[in-house]
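Asks: Supplied in structure tokens, the structure appears directly below.
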Amino acid sequence: MNNNYVAIGLVNPKNPTNIGGVMRAAGCYNADAVFYSGERANRAMRFQTDTKDVVQRIPLAAVDDLLENIPVGAEVVCVELVEGAIALPQFSHPANAFYVFGPEDGTIPQVIVDLATAVVYVPTIGCMNLAATVNVLLYDRCAKLGFSADGDELIRQSRDTNNRVKVR
């Protein structure tokens, strides 16, 4: 494992749209792998919201048990709206992390929370959907730990082909 390894664990995501949105976030913020448990998303698995086809370069694996798939050396960080959690702005991200997210209509099992190094939440009024939460968490990580690419070259690589606007 390198010095900055990021894996995402999804507890029984509600549908493939959630997974597609998470895959897009994983691609935007250079995550290393995404795992998910549960059967609900498998029933209609098509990555209709993974418009960048990130699944071709970032592994996505259905697993029976997220606990059996914690990357070696990674700290488990649960991301959930639970009492006693740390607000994301005050959280210091570990270099090697396995971020676990609960489903939109449920929560992370207590056994996983009990094994976590930290439990964090995004301070919002109400809750965000799964993909939005993953985006915010990964952005926060990049903002605090640094992002490998910056500036105009990153913009040229990342923007839509229909966007050629420049600041003058």
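The values are calculated or read from the model by the stated rules, or taken from the named source; none is laboratory data. Computed from a predicted model, the values in this text were never measured in an experiment. Neighbour counts run over all protein chains shown; Cβ positions are idealised from the backbone, glycine included. To get the accessible areas, we keep the full protein, side chains included, count just its heavy atoms, and leave off ligands, DNA and RNA. Shrake-Rupley method; radii C 1.70, N 1.55, O 1.52, S 1.80 Å.
Residue-by-condition table, conditions (1) open to solvent by 30 Å² or more (accessible area, probe 1.4 Å); (2) among the β-branched types (Val, Ile, Thr); (3) within 26 Å of Leu145 (Cα to Cα); (4) modelled with pLDDT under 85:
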{"position": "Pro16", "(1), (2), (3), (4)": "no, no, no, yes"}
{"position": "Val34", "(1), (2), (3), (4)": "no, yes, yes, no"}
{"position": "Met45", "(1), (2), (3), (4)": "yes, no, no, yes"}
{"position": "Asp64", "(1), (2), (3), (4)": "yes, no, no, no"}
{"position": "Leu67", "(1), (2), (3), (4)": "yes, no, yes, no"}
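Asks: Right, something else. In region 116-152, which residue that is open to solvent by 90 Å² or more (accessible area, probe 1.4 Å) and not polar (S, T, N, Q) is modelled with the lowest pLDDT?
Replies: Selected residue: Asp150.
Asks: Being open to solvent by 50 Å² or more (accessible area, probe 1.4 Å), not hydrophobic (A, V, I, L, M, F, W, C) and not in a loop (DSSP other than H, G, I, E, B) is the filter here, so list the residues in region 18-32 that pass it.
Replies: Within region 18-32, Arg24 is the sole residue that qualifies.
Asks: Another question about this same structure. Among (1) over 18 Å from Tyr29 (Cβ atoms); (2) out of contact with any helix residue (DSSP H, G or I) (no Cβ under 6 Å at 6 or more places or on another chain), where does Val136 come up short?
Replies: (1)
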